[in-house]
Each structure stands twice: as structure tokens, then as C-alpha cells.
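Here the structure is laid out as C-alpha cells; the discussion comes afterwards.
The values are calculated or read from the model by the stated rules, or taken from the named source; none is laboratory data. Only a predicted model underlies this, so the values are computations on that prediction, with no experimental measurement involved. With ideal geometry, Cβ positions are generated from the backbone for all residues, glycine too; neighbour counts draw on all protein chains shown. Accessible surface areas use protein heavy atoms only, side chains included; no ligands, DNA or RNA. Shrake-Rupley method; radii C 1.70, N 1.55, O 1.52, S 1.80 Å.
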Amino acid sequence: MTAELIAVGTELLLGNIVNTNAQYLAQQCANLGISIYYQTVVGDNHDRMAETIKTALDRSDVVILTGGLGPTEDDLTKEVCAEIMGFELVEDQHTRERIEEYFRGGIYKEIPSNNWKQAIVPDGATVLDNDNGMAPGLIMEKNGKTAILLPGPPNELVPLFKNQVYPWLKERQPEVLRSQMIKVCGTGESQVESKLIDLIDGQTNPTIATYAKTGEVHIRVTAKASTEEEAKKLMKPVVKEIKNRLGDLVYSTKEDETLEMAVVRLLNKYELTVTTAESCTGGLVAGRLVNVPGASEVFNQGFITYSNKAKRKYLDVSKSTLKKYGAVSPQTAREMATGGVFATDSDACVAVTGIAGPDGGSEEKPVGLVYIATYMKDKVNVEKYQFKGNREKVREQAVMRALDLLRRSILDNYR
């Protein structure tokens, strides 16, 4: 089964609203094993909508349309779709009664006449009750093609799809699609691909796809089968082989686990506490850690020592080190990490110092130069990085590398 998504609304084209519905629906269709080859956004214009819907119905089994089901004149989705598919529009008494009930006891004394437009439905369509709004969902079937019309507001669309459309599609879809995510940090997409190239070149079912993120790479293994159990069985040896090849570069195989969540999980596992000592990242590392629920059990304190004076005062970085090597140096990073541990009696400290730019660089120490250090079990590990990009990009990459160095240090010392 193939499906196509059409989001209706001029406000989407203008960028006034982010189309989160498309992401949600694409994920749900993937879970159902339904292939989506096209997504379209079209404004509230009759002719362009008609052309878009007609094209979609010609090339896809199912067309899912979102938005344009409201009471105003520019809400045309239902009318245009009925016209293209050859449905007459009639009033649905059940929906009319639900609209009356929706207004009963509300702030309005009278029901605006244009709201009755939402009780008009294509004759013969399946009407889906909307428990969070007035516009019902609709399923229109004709000549082997299906159009599913959903309200635009996500708080209406998501429960309606989950409770009514998903089960309806599941009954008609013989295959399931299941994915396993493998998250990697500390290397680039091309390096990951080179380690997996024979698997990627030989893929059939399951398939392997890599996605570059800031400071990390995600690998998605996807299998199609008649049952969920069969799909998982197909994925298992492939996932195992990828994990074996990438080793400690893999920080998680959970879809919703971030790098900072993985770090906090390890800190909790080994009953460790951590301190952060930051210069160019200005507290971003600490911020990522404390965003994780339960971080209070492992996070002791964070220092933002932007100036040399602060590095000396709070982290006991020596004046001679700063004078001889400078604030951006492996020596300073080492002393920042050491000072962070002794100042807070933590088990570990991760320290970051660098030049985020756009100014402050030199031939010897260019913009993007960052040193990251960890102190753990009386051992200090310092790594040098030369990041590319603007100030925001340099800082973001430094945060990811700092979290990953902390993660790897825990594994090296406590596993």
C-alpha cells in the first residue's frame, strides 16, 4: 500500500505554522508498513487543490489530507475532494447534533451559521467523530482509491488518527514496517558508512540508512514483514553486526534516548557524580545534563569560568599556566577538569575551553579550536578539536563532544 500526504493551508506555505502533522503521520504510516513517496503542501486555492488531489489519487492508494475542514469560506478540502472523487455533499444529522452539543453550555449564546458547514459531508463517506473539535474526520473510498480527511489542529488530528484511522488502515495493510535506531557519536557519517558499506550495498530486507546530525550519526535499520515478530527477527542479526563493528561509538539503540540521557544513565549505573567546568560553551553542557529527569542525583555543580580570573578563582588554574600556554590550551583544560573535581568533591569533571569566534582566533590558535578534558579516577584525558562553522555551530559541536568524552571516560574507567 502506498500513501501520500497533502497538508492544506496557505499559512503553512507562508511559514506561519510548522507542519508537525506531516512528521507524525509519516511516522505512523511507516509503523504500518505503508510506503510514502510524496508529501505536498498546498494553499487554500480551489484550482491548485484540485490539481494536487487529482495527481495524488492517480499515483497513490491512499491520500491523507490535513487541514481545510473548518467553517470558513477558505476551508475547501472536503468540497474539492468530493468534487474530484464524484461525491455528493449532504448534511449528516449525527454531526449536526455533535456540533450542537459542542456549543451547549459554552460562552456563545448562538451557534454561528457558518459552523453548520462542518456538518456537511460526502454522501457515502465514513464519518469519524472528532472528540476534540467540531470538524469530523472523513474516509472516502471509490474505484480502489481512498482519501482520508483530517482536521488540521494537532490536538484534534493526533487522537483521531490514533484511535480511528490507524486501526482502519491496519486492517487493510498486510505488512508491517519496523525500525531499530542505532545512535553513534564521535565520528562522521562518511566514516560510519565506510565501516558498514558492504552491509549497505548488499541490503534488501532489512534496509540500512545513515543520517548525519550535529556531532552524531543515526543509523536506522528497517524491516518489512507480515508480523512485528518476524520484522524484529529480520533486524536482530543486522543490528548486532552493526553494533559489533562500531563498538563504543554506539551510545544508544533507543529511539528517544539522547546523548545526555545516555550519559546520565551511565552516571546513575555506576553511582557517580559529575561537575562541569566550561568556558566557550558557557554552561551549555550543564544545561544539557540538567534537562534530563533525575540529573539531580548525579550532577553536583557547574562552573562557567569565562575569564582567566574566574578560572583561577573557582578552578584553581595556575597563573603560570594561563600566562605560558593561554586559556585555550590542553594544559588549561587539564587544570580546569582537575580543579572542578577537587572544588566539588565529585567523581568526575568535564571541562571545555576554546575559541568559538567569530573573533579571537590567530594563526596558531584559529577559530573553532577547542580542548575538552575529563578527570576521573585520578586520570585526566584531554582531546583537541578543530570545529568548523559559525559561533553557534562551534559551541554546539563542542557540547556534543564533551558529553561523548564524558561517556567514553566512564566506560573506560568503570565498565
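Tabulated data for the structure shown
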quantity: Elements of type helices (runs of 4 or more DSSP H) contained in the stretch 242-316, each with 1 or more residues being touching a residue at least 60 places away in the same chain (Cβ under 8 Å) and within 20 Å of Gly354 (Cβ to Cβ); calculated: 259-269, 284-290
quantity: Residue match in the stretch 25-46 (condition: without any contact (Cβ under 8 Å) to a residue 24 or more places away in the chain, in contact with a strand residue (DSSP E or B) (Cβ under 6 Å, 6 or more places away or on another chain) and within 20 Å of Asn155 (Cα to Cα)); calculated: yes
quantity: In the stretch 244-294, the residues that are of a type in the set (Ser, Thr, Tyr) and either open to solvent by 40 Å² or more (accessible area, probe 1.4 Å) or touching a helix residue (DSSP H, G or I) at 6+ places or on another chain (Cβ under 6 Å) (or both); calculated: Tyr251, Ser252, Thr253, Thr258, Tyr270, Thr275, Thr276, Thr281
quantity: Strands (runs of 3 or more DSSP E) contained entirely in the stretch 33-128, each with at least 1 residues that are open to solvent by less than 40 Å² (accessible area, probe 1.4 Å) and of a type in the set (Ser, Thr, Tyr); calculated: 35-42, 62-66
quantity: Neighbours by Cβ (under 9 Å, 6+ apart or cross-chain): first from the stretch 215-239, within 30 Å of Lys388 (Cβ to Cβ); second open to solvent by 70 Å² or more (accessible area, probe 1.4 Å) and part of a strand (DSSP E or B); calculated: Val217/Tyr211; His218/Tyr211; Ile219/Tyr211; Arg220/Tyr211
quantity: Scope the stretch 365-415; condition in a loop (DSSP other than H, G, I, E, B) and β-branched (Val, Ile, Thr); matching residues; calculated: Val367
quantity: Checklist (1) open to solvent by less than 60 Å² (accessible area, probe 1.4 Å); (2) part of a strand (DSSP E or B); (3) more than 22 Å from Ala262 (Cα to Cα) applied to Gly361, failing item; calculated: (2)
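Residues are listed down the side, and each one gets a yes or a no for (1) free of Cβ contacts under 8 Å to residues at least 60 places away in the same chain; (2) among the aliphatic types (A, V, I, L, M); (3) touching a Leu at 6+ places or on another chain (Cβ under 6 Å):
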residue: Phe342; (1), (2), (3): yes, no, no
residue: Ser362; (1), (2), (3): yes, no, no
residue: Lys365; (1), (2), (3): yes, no, no
residue: Val370; (1), (2), (3): no, yes, no
residue: Asn381; (1), (2), (3): yes, no, no
residue: Lys393; (1), (2), (3): no, no, no
residue: Leu406; (1), (2), (3): no, yes, no
residue: Leu411; (1), (2), (3): no, yes, no
